[in-house]
1. Tell me the label-point distance for the pair residue 43, residue 22, using the 7 Å Cα-to-Cβ offset, in nm and rounded to one decimal.
2. Pop a pseudo-label 7 angstrom from the Cα along the beta-carbon direction at both residue 30 and residue 63 and give the gap in nm to one decimal.
3. Would you work out if the range 1-46 is rounded, prolate or oblate? Take a ≥ b ≥ c from the square roots of the eigenvalues of the alpha-carbon gyration tensor; rounded if a/c is under 1.5, else prolate when a/b is larger than b/c, oblate otherwise.
4. Would you give the gap between the C-alpha center of the range 5-25 and the C-alpha center of the range 31-76, rounded to a whole Å?
5. If you take the beta carbon distance between residue 53 and residue 14 as r and set R0 to 30 Å, what does 1/(1 + (r/R0)^6) give as a FRET efficiency, to the nearest 0.05?
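Quick note: the coordinates plus some simple rules give every number you see, no bench work behind them. Since we're looking at a predicted model, the values are computed, not measured. Cβ: placed from backbone, ideal geometry, glycine included. Neighbour counts: every protein chain shown.
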């Protein structure tokens with residue numbers, strides 16, 4: 001148990017007793033669901049608990065997964081652009097041939 005002293009502006013001294021073990025126990029009971037909750041399965045293949053979510057997102061495994069997803073999305077986007085350009089040309093040519 002710790003004793004803390006505080007001096008207010010008017011010179012009054014306040015003394016507080018602080019029991020760290022009791023505080024930690026109350027905090028644990030209050031936040032037990034987040035601290036000891038179920039593990040979450042990430043798309044990258046990793047597992048984490050809610051309390052460690054930000055730490056997991058900073059791991060090399062998750063970063064590597066995200067870079068692969070972004071690269072795949074960019075390549076798919078490029079393929080779609082090429083297909084739409086070729087589709088547009090074909091439709092213009094077919095329209096011209098139908099007009100003749």
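1. In this crude spin-label approximation the distance works out to 4.8 nm.
2. According to this spin-label approximation, the distance is 3.5 nm.
3. Judged from the Cα gyration tensor, the range 1-46 comes out prolate (a/c at least 1.5, a/b above b/c).
4. Answer, in whole Å: 41.
5. Details: r = 39 Å, r/R0 = 1.29.
Efficiency, from the Cβ-Cβ distance: 0.20.
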